[in-house]
Amino acid sequence: MANRWKNTLTERDVTPEAAFLNRRQLMAGVAGLGLMGAAGRAQAEGEDLEPNSWEDITSYNNYYEFGTDKGDPKRYADALTIDPWSVRIDGMVDRPGDYAFEDIMAQMTVEERIYRLRCVEAWSMVVPWNGFELADMLALAGVQSGAKFVAFETVLREDEMRGVSRPVLDWPYIEGLRLDEAMHPLTIMATGIYGRDIPNQNGAPLRLVVPWKYGFKSIKSVVRITLTDTQPPTSWNKAAPREYGFYSNVNPNVDHPRWSQATERRIGGGLFSARIETKMFNGYEEEVASLYKGMDLTKNF
Ligand code: MTE
């Protein structure tokens, strides 16, 4: 895959995994010098997160616009045209408009974030994303003081997305965050994986990643971001409100009505590997628990 943006490494340089190892050694040095930001430190201090392979991350996907089988996105998502691409940022912002992807990229600093990804279906991976903080992207448009929520929308193209002919969800896929969640330094827009441009099946050219929430909050191929003062509707909550709340924080103590959320299966561990315990806020409790102080997380699930 060509490397169009600032996801710096090309296939010619090294294999993605080898490149990643180099970076990891670099990280260790940086951590020693105390130069790393809060998010990087959190990664370094926790368990040594062993990322899944490129193959795992890019062939076992949920992207229902291309079909509901885990292999469908890899099979069919190349039909999506991702260049040109722009994101409309509107609502309660000072500078509403269509922001061309390359103009956004020119103003953002891309960094690597190794995050756990926990799907509501009780499987998980560890993904070395490349991306930038959503807060930095929103600053381009200037968030107004009255804004309280952020709504997101995935592109909808019937001619390129073979799955949208079926009413699995009410298309386009939509998601939302509270403004403080959106502004949190762990919340990123991902544009790469393993230093390569993010593949279509993972949500090219840019997708949200909110690591302490179930994976379905991390909406793919974003074309619109709207700042608002009211809580926006979200696709899975509309489809099954009893099963999927607005918050959808990873929580081993609150089961899905049809299955336990206490444990998860790490993809790539082999069919018979032991399940691992799901962590509160997917392991990011220290960083994000304060956002929900005083809230009943069984009601605000
Ligand atoms: N975004 C869109 N537009 N459509 C989807 O079906 N699936 C979600 C989320 N974002 C989905 C989506 C779910 S359920 C998960 S677990 C993650 O994407 C999966 O991301 P990945 O395929 O990159 O692992």
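None of the figures in this text is laboratory data; all of them are computed from the coordinates on show. Values in this document were obtained by computation on a predicted structure and should not be read as measured data. Methodologically, a virtual Cβ is constructed for each residue, glycine included, from the backbone with ideal geometry; neighbour enumeration extends over all protein chains shown.
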Extension gain SER59-SER290, at 0.36 nm per residue separation less the Cα-Cα distance, in nm?
79.6 nm
Over region 163-301, what number does the Rg to Rh ratio reach, with both radii from the alpha-carbon atoms and Rh per Kirkwood?
0.95
Set of lysines with alpha-carbon distance to LYS299 below 16 Å, sequence-local pairs under 8 removed:
LYS213
Using Cα pairs closer than 8 Å and at least 6 residues apart in sequence, work out the relative contact order for region 11-292, in percent.
20 percent
Take peptides 108-114, 204-210 and line them up by average Cβ neighbours within 10 Å, highest first, as a rough protection proxy.
204-210, 108-114
Applying a 10 Å radius around every beta-carbon, put 218-227, 251-260, 135-144 in order of their mean neighbour count, most first.
218-227, 135-144, 251-260
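Compute the Rg/Rh shape ratio of region 173-237: radius of gyration over Kirkwood radius, all on alpha-carbon atoms.
0.96
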Students often get this wrong, so check it: of LYS74/LYS217; LYS70/LYS293; LYS74/LYS279; LYS220/LYS279, which have C-alpha atoms separated by over 31 Å?
LYS70/LYS293
Average projected area of the Cα convex hull of region 11-292, in nm²?
15.0 nm²
Could you give the spread of the C-alpha atoms of region 92-251 along their three principal axes, from largest to smallest, in whole angstroms?
38, 37, 37
